[in-house]
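Just below is one structure, and these are the notes that go with it.
The values are calculated or read from the model by the stated rules, or taken from the named source; none is laboratory data. Everything numeric in this text was worked out from a predicted model, so none of it was measured. FYI the Cβ positions are ideal-geometry reconstructions off the backbone, even for glycines, and counts take in every protein chain you see.
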Amino acid sequence: MKNQEISILNIPFYNTTQADFVEELYEAALNEERLFVVTANPEIVMHARTDKEFEAILRQADYIVPDGIGIIMASEKLGEPLAERVTGYDTMIGLLDKPLRCYFLGAKPEVSQAVEEKVKEKYPQTVVSGVHHGYFDALESEKIAEDIIKKQPDIIFVALGSPAQEKWILSQIANFKKGIFIGVGGSFDVLTDNAKRAPEIWIKLRLEWVYRLLSNPSRWKRFLAIPQFMLVVRKESKRLKKGE
């Protein structure tokens with residue numbers, strides 16, 4: 001049974017903890033369920049506000065979980081706090097600790113090639129049923145889907161970046177009888193040590209996004225979504241208070 005869902009700017013977020021969510025997905029995998037999981041940050045929510053087609057895709061997900069700390073801060077501001085962050089990376093790592101069959105789709109070819117070796121080294125209980133990089137055309141996309149169906153993985157980690165990963169999942173998931181599809185953004189880069197995650201202290205201080213910006217300043221335009229998101233949340237909070 002699902003926990004309470006909390007709406008953040010009209011996007012329904014699943015209210016759970018990281019540990020509980022991993023266990024829930026593990027149980028679903030054992031039961032051969034088919035699920036679509038979105039790990040959403042403020043950038044994804046802001047994109048959905050201006051792209052109704054993308055918003056409709058998100059609403060077809062079985063779970064939308066709060067990947068970014070901005071989502072947690074927004075829930076607090078709006079008076080319905082979510083339990084904690086449930087990130088794509090931590091969900092992936094939690095599931096790799098389980099004896100499951102996993103398929104890895106996405107990232108640059110050199111990163112993708114390193115995924116299988118890294119998983120076998122660090123998570124020997126995981127069966128790598130397949131790996132494919134994220135640079136493919138529409139024709140190859142269908143072949144990849146056929147390959148995944150043939151190999152019958154329990155989990156399909158899709159690291160194409162948003163909104164590409166959510167669009168790909170929704171375009172293919174109906175062809176599957178089972179499989180938990182999870183959009184995990186740049187998680188393969190972190191898994192293979194091609195990118196560093198913020199130190200724990202930055203995460204505890206809710207400044208992971210600042211660390212990421214300092215580590216990769218060329219992507220500064222993407223980080224503008226965070227202050228824009230918080231401004232919209234502030235306006236929404238004031239509107240709700242006036243309506244009380």
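Filtering the stretch 42-57 to residues that are surrounded by fewer than 23 Cβ atoms within 10 Å (Cβ to Cβ) and touching a residue at least 60 places away in the same chain (Cβ under 8 Å) leaves 43, 46, 47, 49, 51, 54, 57.
For first residues located in the stretch 5-17 and free of Cβ contacts under 8 Å to residues at least 24 places away in the same chain, partners that are surrounded by fewer than 21 Cβ atoms within 10 Å (Cβ to Cβ) and lie 6+ apart or on another chain with Cβ distances below 7 Å form the pairs 5/12; 5/15.
With a requirement of 2 or more residues that are at pLDDT 75 or above, surrounded by fewer than 14 Cβ atoms within 10 Å (Cβ to Cβ) and in contact with a strand residue (DSSP E or B) (Cβ under 6 Å, 6 or more places away or on another chain), none of the helices (runs of 4 or more DSSP H) lying completely within the stretch 178-244 satisfies it. Considering the stretch 126-149 alone, what residues qualify as being in contact with a Gly (Cβ under 9 Å, 6 or more places away or on another chain) and of a type outside the set (Val, Ile, Thr)? Within the stretch 126-149, 132, 133, 134, 147 meet the criteria.
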